[in-house]
Every structure is written in C-alpha cells, then in structure tokens.
Amino acid sequence: MKRPTIIIYSFIFLSLALNSCNFISSNKEGNSENIDNTEEDNRPYFEGEIKLSESRGLYGDLTKVHTTYFISEYKIKREQRWGGVYSVLDNYAGIIIDLKKDSVVMYYADKFSDKRNKHTLSIKDYKSQLENKVMPSGIPSPVDHTFKLLPAYRLIEQIKDSTIIKEFSCDFTRYHDDTDFLKQDIFDSKEIKVKRELLDMVFLNLPDEINFPLKSDVKTTFSEISNDSIIKGKQTKAIDQLARKILRKKDSTIKKETDLEKLSKNKWLNMGLQILKKGVDLNIHITTDVSEFSIRALSKIDISIPSGDFDEISDFDEFLNTLPTGGGGDFDD
C-alpha cells in the first residue's frame with residue numbers, strides 16, 4: 001500500500017473516532033440535562049410563610065413596612081402592614097389568589113376611619129385589570145411594587161448562587177435605570193418553587209430572570225461618581241457658562257472666567273461634595289430583607305381574609321380609590 005493511501009485512511013479513521021466521541025459526549029450532556037430538568041420538575045412546591053421587612057431613607061427603622069406571604073402550590077396570600085411608629089395606625093392591605101377556585105380577593109382595612117373593604121373577581125378579570133389599570137403605589141398595598149421602584153429596568157449583571165439566605169442558594173442580579181443614577185440589587189432563590197402565574201399576579205413588573213425575591217436594595221450611584229466628574233460634568237459646565245454670561249459686564253471690566261480645574265482641586269468643595277453624596281445615599285435608599293421564614297403546612301386561617309366585616313365593593317376602580325396613594329415611592333425629606 002502506498003504511503004499517501006495510508007495517510008488518507010488514517011485521517012478518515014481519526015475523523016470517525018472523534019465524531020463518535022463527540023456524539024457520545026453530546027448524548028451524555030443531553031441525558032444529564034434531561035435528568036436535571038426532571039429533578040427540577042419533581043421538586044415539591046414551597047409551602048410556608050415568608051415575612052419581608054422594608055425600610056426607607058434615613059429614618060427607615062422608625063417607619064418599617066412588614067409584608068407577609070403565605071404560599072402553597074395553588075394559593076398565595078400577601079398582606080402588608082406598617083411597622084415602627086406607624087404601627088399604631090393598624091392599617092393593612094392584602095390579596096388572596098386561589099388558582100383552583102379561580103378567585104382573587106383584594107382587601108384593605110383602615111382602623112382610623114373604621115373602614116374594611118374588599119373586592120372579589122376572577123383571575124382572568126384580575127389580569128385584565130392589571131394590564132389596563134395603574135395600581136396605587138401607597139402603603140399598605142395589596143400588590144408588590146418592588147420592581148416599580150426604578151423608572152426603567154436595565155439588567156447590568158447576574159451572578160448565580162452568589163450567597164445563602166435562610167439556607168437557600170440565591171442569585172444576585174443588578175439593575176440600573178436609564179440614567180444610571182439609580183441601581184437595584186436583587187437576591188432571589190430558584191430553590192423556592194412557586195408557580196410563576198402566582199408570582200406574576202403579586203409582583204408587578206417581575207423580570208423573567210427573577211423568582212421569589214428575598215432581598216432588595218435600591219440606592220443611587222451618586223457616591224460612585226468622582227468629584228471631578230460632578231464638577232466637570234455637562235450640567236455643571238452649562239451652569240458655569242450661563243453664570244458667566246449673566247455676570248459679565250458690558251464695560252471694559254470683564255470678570256475672569258471660572259476655572260473648573262481649580263475648583264476640582266479645592267479641598268473644601270470636595271469635602272462638601274462628599275457630604276452631599278453621603279446625604280443623598282442615606283435618604284434615597286430602600287432596603288428589604290427577610291425577617292421571618294418558615295416551611296410548614298398552612299392552616300385555613302393563614303390563607304383567609306382577616307376576621308371582621310368587610311364591605312364588598314363591586315367596582316374595581318371604586319375599590320382602588322379606597323387604597324392609599326402616597327408613600328409608595330416617596331423618600332424621607
């Protein structure tokens with residue numbers, strides 16, 4: 001056999017061997033993916049109670065907001081109450097969704113005015129209302145506004161299995177708004193299995209990549225901006241130019257133009273900017289953490305509307321008008 005022929009046959013044999021290895025490897029990967037998916041599908045749905053506590057701004061500890069979730073395979077109940085100094089008001093709002101009964105019950109109680117109102121509708125009608133109506137963002141609220149805090153949501157980065165919260169592995173996801181002035185960090189766990197339909201009806205504007213959020217942190221990016229960038233930014237230059245035009249005299253005496261380079265080296269100005277940035281960060285800051293967590297079988301009381309006589313309001317808009325409208329997106333002054 002000639003040498004070129006031997007080389008050709010050797011090449012064909014080697015190619016067949018490599019293709020065979022790749023086929024076996026791809027089959028193994030496919031099988032492992034199928035196994036993983038099967039295991040994920042077979043995981044039991046979460047059943048229990050999750051309580052989140054939220055604080056806002058500089059005096060957040062005095063005006064906490066507590067939100068409790070009772071979750072099972074086909075039901076979810078969300079109830080929100082004021083904490084801290086406002087707990088004496090004893091106002092609360094909630095929502096109960098039952099997929100099997102095709103029922104959504106929203107309720108709100110105001111102790112000060114001695115009013116207890118509720119509105120009942122089907123899941124289809126509720127979803128339609130969410131698409132066409134703007135839910136009030138006041139506190140307390142029947143629905144969650146965690147993903148309505150930023151004007152827009154732009155995914156910046158995501159780190160899988162970045163930390164452990166309550167023994168659950170959590171992913172880290174960071175969002176910025178369109179101006180990059182605000183950022184929001186979310187920690188959610190895929191190990192807490194909840195039907196997506198339930199989550200979408202409770203968490204407004206829930207991103208596709210997020211499951212049940214166990215921690216949220218909203219703050220500005222102001223402290224990350226260098227003082228030079230603030231002093232030499234477009235807005236500052238525009239103000240500087242406008243000020244020079246206003247202050248310039250028409251006679252031979254012309255005021256010396258402001259030197260931005262000198263300003264950037266002024267230690268007192270830099271110190272003032274540092275204090276300003278710290279103040280902005282302290283006031284524009286919303287954080288939510290897990291305060292209580294339990295995996296247990298839910299009782300009938302857990303998933304029911306609180307005791308008391310609630311007036312049924314038949315019109316959805318009329319019920320919304322009874323909800324608080326302020327405080328959902330406000331920060332401490």
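Quick look at the numbers
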| quantity | calculated |
| --- | --- |
| Amide H within-cut-off set for T163, under 5 Å, with H built and near neighbours excluded | C170 |
| Lys, Arg +1 and Asp, Glu -1 on Cβ, resulting dipole of region 78-129 about Cα centre, debye, nearest 20 | 140 debye |
| Positive dipole terminus of region 87-151, leading residue within P140, S113, I97 (C-beta point charges) | I97 |
| Pairs from K100/K300; K148/K183; K51/K118 whose Cα-Cα separation, in the structure shown, is over 19 Å | K51/K118 |
| For A152, net neighbour charge (Lys/Arg +1, Asp/Glu -1) across residues whose Cβ lies under 9 Å away | -1 |
| FRET E, pair F181, I123, Förster distance 45 Å, beta-carbon r, rounded to 0.05 | 0.75 |
| Peptide ranges 113-122, 310-319 listed from the most packed, as the mean C-beta count within 10 angstrom indicates | 113-122, 310-319 |
| Segment S304-E49, length gained on full extension (0.36 nm per residue, minus Cα span) | 90.4 nm |
| Inter-label distance, nm, simple model (7 Å from Cα along the C-beta direction), I164/K133 | 4.4 nm |
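Here, each number is a calculation from the coordinates, and none is a lab measurement. Nothing here was measured: the structure is a model prediction, and the numbers come from that model. Heads up, the Cβs are rebuilt from the backbone with ideal geometry, glycines too, and the neighbour counts pull from every protein chain shown.
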